[in-house]
1. Report yes if Y187 is at pLDDT 90 or above and under 45 Å from the mean Cα position of the chain (by Cα), otherwise no.
2. If the Cβ limit is 9 Å and pairs must be 6+ apart or interchain, which residue in the stretch 43-69 that is closer than 30 Å to P23 by Cβ and at pLDDT 80 or above pairs with which residue that is in a loop (DSSP other than H, G, I, E, B) and open to solvent by 100 Å² or more (accessible area, probe 1.4 Å)?
3. Can you tell me which residues in the stretch 208-252 are open to solvent by 100 Å² or more (accessible area, probe 1.4 Å) and out of contact with any strand residue (DSSP E or B) (no Cβ under 6 Å at 6 or more places or on another chain)?
4. Scan (1) surrounded by 11 or more Cβ atoms within 10 Å (Cβ to Cβ); (2) more than 17 Å from A252 (Cα to Cα); (3) among the hydroxyl-bearing types (S, T, Y) for the single condition T160 breaks and write down its number.
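The values are calculated or read from the model by the stated rules, or taken from the named source; none is laboratory data. Remember, predicted model here, so these are calculated numbers, not experimental data. Here the Cβ positions follow ideal geometry from the backbone for every residue, glycine too, while neighbour counts run over all protein chains shown. All accessible areas refer to the heavy atoms of the entire protein, side chains included, with ligands and DNA or RNA removed. Shrake-Rupley method; radii C 1.70, N 1.55, O 1.52, S 1.80 Å.
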Amino acid sequence: MTRAVEGKSSIAFGTTLDRELLPLKVPPTRFGNQLRIPRTPNLGPGRYNNDEVSTLTYELEHRPGCKKGYSLGARTAERFQKPLHLDTPGPQTHQEINGKPREFKHAFRPFQTGASRLPPVSANSREPVLPGPGTYEHKVPRNRKVKYLGSFGGPQTLVTSIRMKCTGNGEKDKCCSCNEEPKGDYYEYKNKALCRPCYDKNAITESKFSKSVLSHFTKVRDCSSIHNHEGTNAKLRLMTEKDLKKLRNKEAYFSLYF
């Protein structure tokens with residue numbers, strides 16, 4: 001065993017050099033290169049001038065606002081900045097100050113319990129009259145589905161509400177009542193055509209056909225929106241088969257409700 005040195009020694013940890021500590025000294029490795037950040041070693045918590053920046057004089061000189069006011073440190077600027085997209089009226093805008101004050105009728109019953117729930121509607125009123133609950137159909141079949149014709153294992157054919165008629169030779173049908181070409185969809189039975197105005201008129205008056213004969217008329221549509229014949233029997237498609245199928249399914253579905 002070595003004998004202890006008497007007295008205070010000037011050597012600490014076997015050397016007289018300064019101890020290398022972070023952040024002033026970093027290890028000579030890649031990790032030390034990443035830690036090499038410019039720092040200020042002489043700046044600490046006790047180096048801030050708190051006694052100078054916390055006085056009343058400093059607060060008044062560096063306060064962001066107008067120096068004019070009615071008291072010490074008072075500001076004449078707007079307290080709350082109103083957003084540009086928000087322009088709401090204040091309480092004073094609801095009541096006229098210089099004009100005549102708003103008058104209210106005296107309520108004969110508390111909280112206006114005797115007032116009518118709905119405003120009175122007269123025959124001369126221009127406001128639209130809403131239909132009542134009794135005008136709607138309640139007992140109607142639900143989950144209506146379009147119909148298909150077919151056999152077990154065979155092709156399924158959609159039952160369309162309107163029959164397409166091709167006029168390749170250029171000759172169009174004429175109404176047997178007004179002798180004019182029908183516009184849009186029309187009705188046909190045994191090479192006799194009826195436009196929609198004449199069909200509706202004949203359904204009331206029965207001037208040309210009776211109701212029993214009129215019930216055999218079916219809806220027909222000219223194929224001008226699907227085919228383009230150009231005066232021949234050839235068909236130039238204007239719609240794809242996919243769009244045509246979608247149109248037929250939509251019309252067959254709406255025909256169940258209208």
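1. Yes, satisfied.
2. Final answer for the pair search is V53/H62.
3. Passing the criteria: K208, K211, E230, N233, R237, E241, K242, K245, K246, K250.
4. All conditions are met except number (2).
Yes/no matrix, rows are residues, columns are (1) modelled with pLDDT of 70 or more; (2) open to solvent by less than 100 Å² (accessible area, probe 1.4 Å); (3) more than 20 Å from Y257 (Cα to Cα); (4) not in a loop (DSSP other than H, G, I, E, B):
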position	(1), (2), (3), (4)
H106	yes, no, yes, no
V121	no, yes, yes, no
N124	no, no, yes, no
V129	no, no, yes, no
E137	yes, no, no, no
V146	yes, yes, no, no
S151	yes, yes, yes, no
